[in-house]
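Scroll down for the structure; my scribbles are underneath it.
The values are calculated or read from the model by the stated rules, or taken from the named source; none is laboratory data. As the structure is a prediction and not an experimental result, all values here were calculated from the model. In this analysis, Cβ positions are derived from the backbone assuming ideal geometry, glycine residues included, and neighbour counts consider all displayed protein chains. Only protein heavy atoms, including side chains, enter the accessible area calculation; ligands, DNA and RNA are left aside. Shrake-Rupley method; radii C 1.70, N 1.55, O 1.52, S 1.80 Å.
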Amino acid sequence: MEVPSPPGDGRNDRGTAAPATVLIDADGRVQLWSDGATALTGYPAHEIVGRDASLLGDRTGLRGPAFVRALLRAGDGLRHDWLRHRDGTCRSVRWYPVAVHSAAGPGVLAVAATPARTDGTADAGDPGGDGDAGTVYRMLRSAPIGLAVLDTDLRFRFVNEALARLNGRPVEGHLGRSVLEVLDLPDPQAYERVLRRVVDAGETVEGLRAAAIRPDGEPYAVVGTLFPLRDAEGAVTGVGGYVQPLGEADGELLDTVRGQRRLELLDRIGTRLGRALDPRTVAAELRATCVPGFADDLAVDLLDGAATAGPGAADARAGRERDGGPLRCHPLLPPTGPGRLRPEDELAPARPVPAAVTACVRSARTVVFESGATAVGSGDGSGAGQGAAVPLATIGRVLGAVTFRRSAPFDAEDLLLAREIAARAATAIGNALLYRRERLAALALQRHLLPAGLPSADWFRAAYRYRPAEDGTLVGGDWYDAVLLPGGRVGFGVGDVMGHGLGAAAAVGRYRSSVHALLSLGLPPGQLLTRLDGMFGHDEELPATCVSIVHDAGTGRCRLALAGHPPPLLVTPDGDVQVLHAEPGPPLGMGLQHVYPDAEHRVPAGSLVICYTDGMVEGRATGEDLDHRIAALGRAVHNPGAPLDELCEALLTARPADSGDDATLLVARLGRV
């Protein structure tokens, strides 16, 4: 019969009776009690939770575990029983028993189905007009334990609110996604194998214990049961499961997942920081790895002077600061623009740091402090949290500090992990600073070895551009030069030493000065490269590519020779683009005693000759061949009569975005005498 519910109690938002849901533990005590159960029995939650569930049964002498075993022996499916109401009367109810396995033993989840209305109409909430089906759906959705349905591809098809809360994700964040996409498990392959046993073998797995990490970084442990879902023919169509939290009942399982997660975090940090060649990139990678899994936010501060001075000078500066001077640090901020960070770019200006960071750097110890704001540098005083400033310490020196902030307090294990993270970050920043100093020295050397400007005449104008590698690799060995010769002639070209670093920069000086001297002698390009190859064909020299051009403004003809270098481009005043071909020879300095031939081309007055290194046309991931990239470079010249500086900038836009090498460009406008 229909059991009336008190007005405003035990009903959902459509006025239909909410299911009565009761969780009974292995000892027969009531642990969870829904509003629907209060409406059905008259017992409020505070009067029934913790008491023996047998007081609800009519004419039963069983108590405690024996009562639970009797409920489970009756089997699954819809059942009819008499229920004792709080007022002493008995009511006939229909209910579903679901076995629940916990650490203490088997319990039962009892859900009383909503009876059909006395007028014979179906409940408005029942799908398809089936009152029992609608009740079951509402039971699954509002059950106090986690319930889920997976398809045979192990993707979530149904998740109730209890499981969504347990996993720390909304219901919508589960549906349609695989278990391994949703759950952050320490051993996902092992968990997937268990699920495949249910699907492939139709096996029921009871008392399964598992641990995972919520999106906020908090580990949790559960125990549950997985069972196959079958169609009318008995074929497995999916997986059903119900779980409930273990809390701290299984501390060993939680400790295991915490320890494994710490190792995984340190492994990810080591991998990501090992690729960083700039201190700001180290800070950005550290933030991307630790937020939000370990901290809500973090900041990295580099001690003023550590970026430019050697260890001794930095220690002296730190000593003065320990004597009471103001402590200033460069904040290693993440990039704000679309371009990549380069080691030679300026750091953010040094600024005074908070007292906790000052104390951390001066004492070289971790400083834990209460924070009024969870976000680093927010300073608005909103939200309570805790911070930990950890020194970036390398052998014999402190480079700065990394500050972690989060809403939850740091325990001893968290602080130990924070120190491990800071130690790896300090090593990466120290290596990045060494690399930065070497790169700046190589750039300075290369700038001093290259000409400060190019000569010009009424019939010759030239502009040039040099761009270091975009990915922050060591500076390369590109060079350019031009020499005015007697008789209305000019010699010019570019070259590229095969190498990087200070050695390549020094080789630039030797190659470029030799080319300049040989051009001044008036040697044709082929003879020049042949002589140059003989000068540098030794084991200790780095090979180089080169294009050499001599233009005669009286005849309008150019002679050129190539030593392993991409060919120059000719752009006529009417916009026609041609490749100036010549028989290519091997790179210089290979010891091959090669004789380089010349090629001659007629050049209309006012034409452009574009010389470049391979960094202008070669990329790492591009699928186009070199000829297509050279053609794309020529198409970047839309107006041959534009100023040369504008043409250089337009040509740089055609450089591949994934270029991993330096790029040099020389654009010459050639006239007639």
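Each residue of the stretch 196-203 is assigned a 3J(HN,Hα), and the resulting list reads 5, 4, 5, 6, 7, 10, x, 8 Hz, derived from the Karplus form 6.51 cos²θ - 1.76 cosθ + 1.60 (θ = phi - 60°), x at Gly and Pro. When VAL223, VAL367 are compared by accessible area of protein heavy atoms, the largest-first order is VAL367, VAL223, using a 1.4 Å probe. Note that the stretch 37-48 has calculated 3J(HN,Hα) couplings of 5, 5, 5, 7, 10, x, 8, x, 4, 5, 8, 10 Hz, one per residue in order, obtained from phi through the Karplus relation 6.51 cos²θ - 1.76 cosθ + 1.60 (θ = phi - 60°); glycine and proline are x. Rounded, prolate or oblate: pick one for the stretch 493-554, where a ≥ b ≥ c are the square roots of the eigenvalues of its C-alpha gyration tensor, a/c under 1.5 means rounded, and failing that, prolate if a/b is larger than b/c, else oblate. Verdict is prolate for the stretch 493-554.
When the square roots of the Cα gyration tensor eigenvalues are ordered a ≥ b ≥ c, the ratio a/c for the stretch 517-667 is 1.5 or more and a/b does not exceed b/c, which makes its shape oblate. Across the stretch 422-438, coupling constants 3J(HN,Hα) worked out from phi with the 6.51/-1.76/1.60 Karplus curve, θ = phi - 60°, read 5, 5, 5, 5, 4, 4, 5, 5, x, 5, 5, 5, 4, 4, 4, 5, 5 Hz, and Gly and Pro carry x. Measuring nothing but how far apart in sequence close Cα pairs (under 8 Å, 6+ apart) lie, relative to its length, the stretch 160-234 scores a relative contact order of 26 percent. The amide H of LEU562, built 1.01 Å from its N in the peptide plane, has GLY585 as neighbours under 5 Å, considering only residues 5 or more places off or on other chains. Taking Lys and Arg as +1 and Asp and Glu as -1, the other residues whose beta-carbon sits under 10 Å from that of GLY564 total -2. Looking at the stretch 604-673, the trypsin sites (Lys or Arg not before Pro) that sit in a DSSP loop and have at most 14 other Cβ atoms within 10 Å of their own Cβ are ARG620. Please report the spacing between the Cα centers of the stretch 279-301 and the stretch 595-673 in Å, no decimals. The stretch 279-301 and the stretch 595-673 have Cα centres spaced 41 Å from each other.
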